[in-house]
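Here's the structure, in structure tokens; my notes come after.
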Amino acid sequence: MGKLSVNLCGIELDNPVIPASGTFGYGWEFAELYDINLLGTFSFKGTTREPRFGNPTPRIADCPSGMLNAVGLQNPGVDRVIDTELPKLAKCFNKPVMANVSGFSVEEYAETCARLDREPQVGWLEVNVSCPNVHGGGMSFGTDPKAAASVVQAVKAVTTKPVLIKLTPNVTDIVSIARACEDAGADGVSLINTLLGMRIDLKTRKPVLANTMGGFSGPAIFPVALRMVWQVAHAVSIPVIGMGGVSSAEDVLEMLMAGATAVEVGAANLVDPFACRNIIRSLPEAMERLGIESLKELTGGNRNG
Amino acid sequence: MKDSVFTILSQKLLTGAVYELKLRGDVSDITAPGQFVNLRLDGLYLRRPISVCDLEDDCLTLIYKVVGKGTAQLSRMYAGQSLPILTGLGNGYDLSLSGERPLLIGGGVGVPPLYLLAKRLRAAGKSVRVILGFNTASEVFYEAEFRALDCEVTVTTVDGSCGVRGFVTAALPADYTHVYTCGPEPMLRAVYKSIHTGGSFSFEKRMGCGFGACMGCSCKTITGYKRICKEGPVLQKEEILWES
């Protein structure tokens, strides 16, 4: 194994860099830009049982060092993902992919996960209990330890693949949610999803986003994300995927030092479609400069310190 | 799509808040008129999308109106400065639909993408009519440039201070083979209702990435959900589904 490799819930990754869900589609479109096999893996677009158009537009607002989005889980539904998107992906990606799943009821989460469990290319299920942009689902499961645990149990019952729970930062105590997920059998947690935010257009005096509020991401949230990754990584013993504003090889290393096992990159992909490739390319040089021989020496290294 | 660094050759104020920016760089991925580029500006997080107005060898012309922070910052840049740009975005106009007498209708800052289109259509020997709509005489730009391409040009102004008084639809000719248009959505709707041929409509929407990754600019069409930045910005008349 190379010096960039890490192990995520029993599956070896060539490197810890993972494009985050919602910033990389179902992958195959990006294969036109570069060989996506150089990624550790990627987390595909949040998928629900039924197709969804998502929220009205505008769905995007620019912010200092970041952005707001209120896309609202637009996706073609799990059946189309299995019939159309995954076959296209299989032609250009020869690694396990992370399947990101969202839902509006415990049953829906379980049903969608059960279908994706049968897909050989799906390596992990990343269950999003943290989408801030849909009503009556998503984040409401991620803000209550009991509700989060009930999703974990329902999903674990229908799959043998590792289950990662994607957590929202929009809670008083993210550690208690992470612990509830671990106790309920989750194989890992990924954090943080976006921070709830909003902007107002000074000319119209109305919210910029049609959905009024949206999820704030980008470099501005990196310190918040890092702090939460640190807190969670020190409180649970399952792997943590760190994300939130990661934009450089140095950010990846910082996340790993905070206790993450792997790192997702989100908003940066939307500003630079080559962001993940560039981060992976610059990791060896950054490691050498900092005297890091292998990433595995970082992952988990500080977790109990 | 290509990410490369362009150098500013010139920047010129055309009218009140409309600027013409000429840049030199790698334009090889720009394949059709009506496509756009996405500019990365210092200190701003998301890129700013602007339609391609003209291409000449390795020189790219953009025309934009100052409407916010990004365009205001862009207007303060000058010759010699460099700008990272994603090029070759969007589908652009399909020249094969034009027929022999295409009609081009632009409103305000919807005019620029029609310029390269007119140039290509003229080069293909088409007889090109152009309607350029503005609010008032002081906002009119590129009339002479279109005339220099030997297009038949009509200017309309809402207040009648230049050309035909009224909206672009006040100047519709009787005979044309296809309509290519770009402008504010109320204008596009009016054009949609008024024309008797097929039409290619270029839409504007607030974008996140500009290359299809974020689903920020999705819209519903007769033929399914489309991303304005990827399957658009040009939609065909038959597929447009107007949101009320």
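The values are calculated or read from the model by the stated rules, or taken from the named source; none is laboratory data. Given the structure is predicted, the values throughout are model-derived calculations rather than measurements. Neighbour counts run over all protein chains shown; Cβ positions are idealised from the backbone, glycine included.
Data for the structure
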quantity	calculated
Positions within region A:205-227 being under 24 Å from A:A286 (Cα atoms) and buried (at least 24 other Cβ atoms within 10 Å of the Cβ), in sequence order	A:G218, A:I221, A:A225
Considering residues of region A:216-248 that are in contact (Cβ under 8 Å) with a residue 40 or more places away in the chain and among the polar types (S, T, N, Q) only, the residue farthest from the other protein chains (Cβ to nearest Cβ)	A:S237
Hits in region B:68-100 - residues which are free of Cβ contacts under 8 Å to residues at least 12 places away in the same chain and within 14 Å of another protein chain (Cβ to nearest Cβ)	B:G68, B:A72
Residue within region A:225-248 that is of a type in the set (D, E, K, R) and closer than 15 Å to A:P16 by Cβ present	no
Residue selected from region B:36-53 under the condition surrounded by fewer than 20 Cβ atoms within 10 Å (Cβ to Cβ) and in contact (Cβ under 8 Å) with a residue 40 or more places away in the chain, by the criterion farthest from the other protein chains (Cβ to nearest Cβ)	B:L41
Hits in region B:209-225 (condition: outside any strand (DSSP E or B) and either under 18 Å from B:E152 (Cα atoms) or within 8 Å of chain A (Cβ to nearest Cβ) (or both))	B:C209, B:F211, B:G212, B:A213, B:C214, B:M215, B:G216, B:C217
Residue check for B:T181: on the phi < 0 side of the Ramachandran plot and surrounded by fewer than 18 Cβ atoms within 10 Å (Cβ to Cβ)	no
Checklist (1) closer than 18 Å to B:V52 by Cβ; (2) within 14 Å of chain A (Cβ to nearest Cβ) applied to B:V234, failing item	(2)
Every residue from region A:254-270 that is under 18 Å from the mean Cα position of the chain (by Cα) and surrounded by fewer than 22 Cβ atoms within 10 Å (Cβ to Cβ)	A:E254
Every residue from region A:249-299 that is charged (D, E, K, R), in contact with a Leu (Cβ under 8 Å, 6 or more places away or on another chain) and within 14 Å of chain B (Cβ to nearest Cβ)	A:R277
Residue within region B:155-169 that is under 26 Å from B:P49 (Cβ atoms) and either surrounded by 17 or more Cβ atoms within 10 Å (Cβ to Cβ) or out of contact with any Gly (no Cβ under 7 Å at 6 or more places or on another chain) (or both) present	yes
Matching residues, region B:1-30, being part of a strand (DSSP E or B) and over 16 Å from B:E56 (Cβ atoms)	B:K2, B:D3, B:S4, B:V5, B:Q11, B:L13, B:L14, B:T15, B:V18, B:Y19
Total residues in region B:58-75, condition among the charged types (D, E, K, R), within 20 Å of A:D62 (Cα to Cα) and loosely packed, with under 15 Cβ neighbours inside 10 Å	1
Total residues in region A:40-53, condition crowded, with 18+ Cβ neighbours inside 10 Å, in contact with a Gly (Cβ under 9 Å, 6 or more places away or on another chain) and either at pLDDT below 95 or more than 11 Å from chain B (Cβ to nearest Cβ) (or both)	7
Index of the failed condition, B:L121 passing every other in (1) part of a helix (DSSP H, G or I); (2) over 17 Å from the mean Cα position of the chain (by Cα); (3) not polar (S, T, N, Q)	(2)
Subset of region A:58-71 [within 7 Å of another protein chain (Cβ to nearest Cβ), in contact with a Lys or Arg (Cβ under 7 Å, 6 or more places away or on another chain) and either of a type in the set (V, I, T) or part of a loop (DSSP other than H, G, I, E, B) (or both)]	A:P58, A:I60, A:V71
Residues within region B:155-208 that are more than 14 Å from chain A (Cβ to nearest Cβ) and in a loop (DSSP other than H, G, I, E, B), tallied	20
Failed item in (1) surrounded by fewer than 21 Cβ atoms within 10 Å (Cβ to Cβ); (2) in a loop (DSSP other than H, G, I, E, B), with B:P33 passing the rest	(1)
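Conditions (1) outside any loop (DSSP other than H, G, I, E, B); (2) among the aliphatic types (A, V, I, L, M); (3) at negative phi; (4) under 19 Å from the mean Cα position of the chain (by Cα), marked per residue:
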residue: A:K3; (1), (2), (3), (4): no, no, yes, no
residue: A:N7; (1), (2), (3), (4): yes, no, yes, yes
residue: A:G25; (1), (2), (3), (4): no, no, no, yes
residue: A:K45; (1), (2), (3), (4): no, no, yes, yes
residue: A:P56; (1), (2), (3), (4): no, no, yes, no
residue: A:L73; (1), (2), (3), (4): no, yes, no, yes
residue: A:D83; (1), (2), (3), (4): yes, no, yes, no
residue: A:C92; (1), (2), (3), (4): no, no, yes, no
residue: A:M98; (1), (2), (3), (4): yes, yes, yes, yes
